[in-house]
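Some notes on the structure that comes next.
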Amino acid sequence: MFDCIIVGAGPAGGTSAYHLAKQGRSVLVLEKEPLPRYKPCGGGVSPQVAQWFDFDFTPAISLKVNSVRFTWKMEDPVEVELKTPEPMWMVRRDVFDHFLVQQAQKQGAELRDNTEVTGIQFKSDHWQVNTADGPVTGRYLIAADGAKGPMAKWLGFKERKRRLAGALEAEVPAQVESGNPIHFEFGMVKNGYIWNFPKADGYSLGIGTFRGGEPQDMKALLAEYATLFGVDVKSSQQYGHPLCLWDGNQKLHTQNAVLAGEAACVVDPFTAEGIRPSIFSGMKAAEAINQALTGDRSALERYTQIINQEWGEDMAWAQRIAGVFYRVPGIGYKVGIKRPSATERMGKILCGELRYADVANRAIKRLTSSLIPGMGG
């Protein structure tokens, strides 16, 4: 009987496993893929996550980047230096996720990868988790199996508040010069953006739409954008995947179980950043389950409150900004991106040094005033 079974070995699952195992809890991580496994993702990580761990992430970082370049329809560029103490981390998810789980294993967590969960049952005071290799039992469960995972549904979270978005990504080998910035392209795609995140040995190119709307030929747009960098994405494997964007406060706990990571719909609705919120939720899930194991009956309910307050309240601001920005992206680019102070602030948000709440009123006022003739911004 494990103290906790964690389903999914992404950033949320690895983080939960690390923090619980460090507290001396018996932890089992179940992952359906063999690790390390490829995961389509831009791979930008806020250096803020380092404060939640007591080990060095250097082996898991492909590149550190301290500038961001924006374009509008592949032209009208603006480049801004991230004036933050630590540059943005660029990671490959196969390396990063596996590294996190390995740190958990060093603390005593057990990993069973290549093991798919086929169902769950609650038995009086513990969970039985059925796998292709037979059943395992645990007093508590953390569902960290991502946007497409079945755990949330099995746990009874049928109607989660979430905005499903779509992304298409490709990894392209290339000669990447040092000092290469992160690239964001607005204007070519409606209700989203295209990105190019440099890695030590190539680019992670992707396109995402975050507000719905009419279908767009994402493959063609991504291929056109890639010509800016002299690379051909058509010759690379391309991966489409859903994103679970935050769409309002909701219950994230049930009988002896919690949702974490993308299963908890914590992805930023403006930038689609998912790794930092997943790690944050994994850390808070571990704290809650550790408290529950000591007999604190309200610990899991408090987990829901903490995520809704400490992450959700700021995501409400992100959602408001996204609602205005993606409705009028041309104006958004002019008043929200081309203005150096605005992009500096965005860099600080990406690096976890500013919250949306700190800048939202001003940003929304600028955007909306630019829509109304006669009002200055």
Practice item. Could you pull out every whole DSSP H run in the chain that spans at least 18 Å of Cα extent along its own axis and averages -1.0 or higher on the Kyte-Doolittle scale? Key: 93-106, 275-293, 313-325, 356-371
Practice item. Please say if the stretch 305-367 is rounded, prolate or oblate, where rounded means a/c under 1.5 for a ≥ b ≥ c the square roots of the C-alpha gyration tensor eigenvalues, and otherwise the choice is prolate for a/b larger than b/c and oblate otherwise? Key: oblate
Check your understanding: Excluding THR131 itself, what net charge comes from residues whose Cβ is under 12 Å from its Cβ, given Lys and Arg +1 and Asp and Glu -1?
Key -> -2
Study note, to complete from the structure: TYR18 neighbourhood, Cβ < 15 Å, K/R = +1, D/E = -1, net charge -3
**Study point:** Alpha carbon convex hull of the stretch 95-161, projected area averaged over orientations, nm²
**Key:** 5.8
Check your understanding: How large, in Å, is the stretch 247-375 by the Kirkwood hydrodynamic radius built from its alpha-carbon pairs?
Key -> 16.0
Check your understanding: Can you work out ³J(HN,Hα) from phi for every residue in the stretch 195-211, in order, using Karplus 6.51 cos²θ - 1.76 cosθ + 1.60 and θ = phi - 60°, giving whole Hz and x for Gly and Pro?
Key -> 9, 9, 9, x, 10, 4, 10, x, 10, 9, 9, x, 9, x, 10, 10, 10
Check your understanding: Can you tell which of LEU367, VAL233, ASN256 lies farthest toward the positive end of the dipole of the chain, using +1 and -1 charges on the Cβ of basic and acidic side chains (Lys, Arg; Asp, Glu)?
Key -> LEU367
Check your understanding: Across the stretch 114-246, how many lysine pairs, 8 or more apart or on two chains, come within less than 25 Å at their alpha-carbon atoms?
Key -> 13
Review point. To the nearest whole percent, what portion of all C-alpha pairs in the chain is separated by more than 33 angstrom?
Key: 29
Check your understanding: Over the stretch 148-277, what per residue volume does the convex hull of the Cα atoms give, in whole Å³?
Key -> 126
Review point. Which whole-angstrom value gives the distance between the alpha carbon centres of the stretch 170-236 and the stretch 56-93?
Key: 14
Check your understanding: Convex hull over the alpha-carbon atoms of the stretch 8-108: what's its volume per residue in Å³?
Key -> 107
Practice item. Divide, for the stretch 118-221, the radius of gyration over alpha carbons by 2.2 N^0.38 Å, where N is the residue count. Key: 1.57
Exercise for review: Would you mind pulling out the separation of the Cα centroids of the stretch 1-36 and the stretch 244-290, in Å?
Suggested key: 15
Review point. What number, rounded to the nearest 500 deg cm²/dmol, is the helix-based mean residue ellipticity at 222 nm of the chain, given -39500 (n - 2.57) per DSSP H run of at least four residues and division by all its residues?
Key: -9000 deg cm²/dmol
Review point. In square nanometres, what is one fourth of the surface area of the convex hull spanned by the alpha carbons of the stretch 173-212?
Key: 3.0
Exercise for review: Take the solvent-accessible surface of the protein heavy atoms, probe 1.4 Å, and return the percent of it on the chain that carbon and sulfur atoms account for.
Suggested key: 47
Check your understanding: Ordered by residue, what ³J(HN,Hα) values in Hz, to whole numbers, does the stretch 246-253 give under the Karplus form 6.51 cos²θ - 1.76 cosθ + 1.60, where θ = phi - 60° and Gly and Pro are x?
Key -> 4, 9, x, 5, 7, 6, 10, 10
Point to revise | Radius 13 Å from Cβ of LYS219, net charge of other residues (Lys, Arg +1; Asp, Glu -1) | key: -3
Exercise for review: Provide, in order from the shortest bin, the percent of all Cα-Cα pairs of the stretch 214-261 in each 5 Å bin, continuing until the bin that contains the maximum pair distance.
Suggested key: 4, 13, 17, 14, 10, 10, 10, 10, 8, 4, 1
Review point. Among the lysines, which fall within straight-line cross-link reach of LYS284, defined as a Cα-Cα distance under 16 Å, with same-chain neighbours fewer than 8 residues apart omitted?
Key: LYS22, LYS251
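The values are calculated or read from the model by the stated rules, or taken from the named source; none is laboratory data. Computed from a prediction, not measured in an experiment: that's the story for all the values here. Please note: Cβ atoms are built from the backbone with ideal geometry, for glycine as well, and neighbour counts cover all protein chains shown. Ligands, DNA and RNA are excluded from the accessible area calculation, which covers all protein heavy atoms including side chains. Shrake-Rupley method; radii C 1.70, N 1.55, O 1.52, S 1.80 Å.
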